[in-house]
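One structure is given here, and the rest of the page talks about it.
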Amino acid sequence: MKPQQPQDKPKNEAMEVLALHDWDALEAIRTVLAERDAVEERLRVAAIAMGRGYTRGWKP
């Protein structure tokens, strides 16, 4: 595997997600939404775990 060079084009993540789901757009959207929900849940837990002083009042 060759190292990525700065001039290499960035990966098209949307096409990669579709390919992972055998080009089933509906299933790909469901997976992306489920991942979003999981990230939001982790942010909620992190917001509860962090004290307000630690973050100087910032909340996600």
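The values are calculated or read from the model by the stated rules, or taken from the named source; none is laboratory data. These numbers come from a predicted model, not from an experiment. Note that we place each Cβ from the backbone using ideal geometry, even for glycine, and neighbour counts take in every protein chain shown.
Scanning segment 31-40 for residues that are without any contact (Cβ under 8 Å) to a residue 12 or more places away in the chain and of a type in the set (Val, Ile, Thr) turns up just one, Val39. Against the test of being in a helix (DSSP H, G or I) and at pLDDT 90 or above, the options Ala34, Ala14 yield a single qualifying residue, Ala34. Contact map, segment 41-60: residues that are part of a helix (DSSP H, G or I) paired with residues that are at pLDDT below 65, Cβ distance under 6 Å, separation 6+ or inter-chain. Pairs shown: Leu43/Pro60; Ala47/Lys59; Ala47/Pro60.
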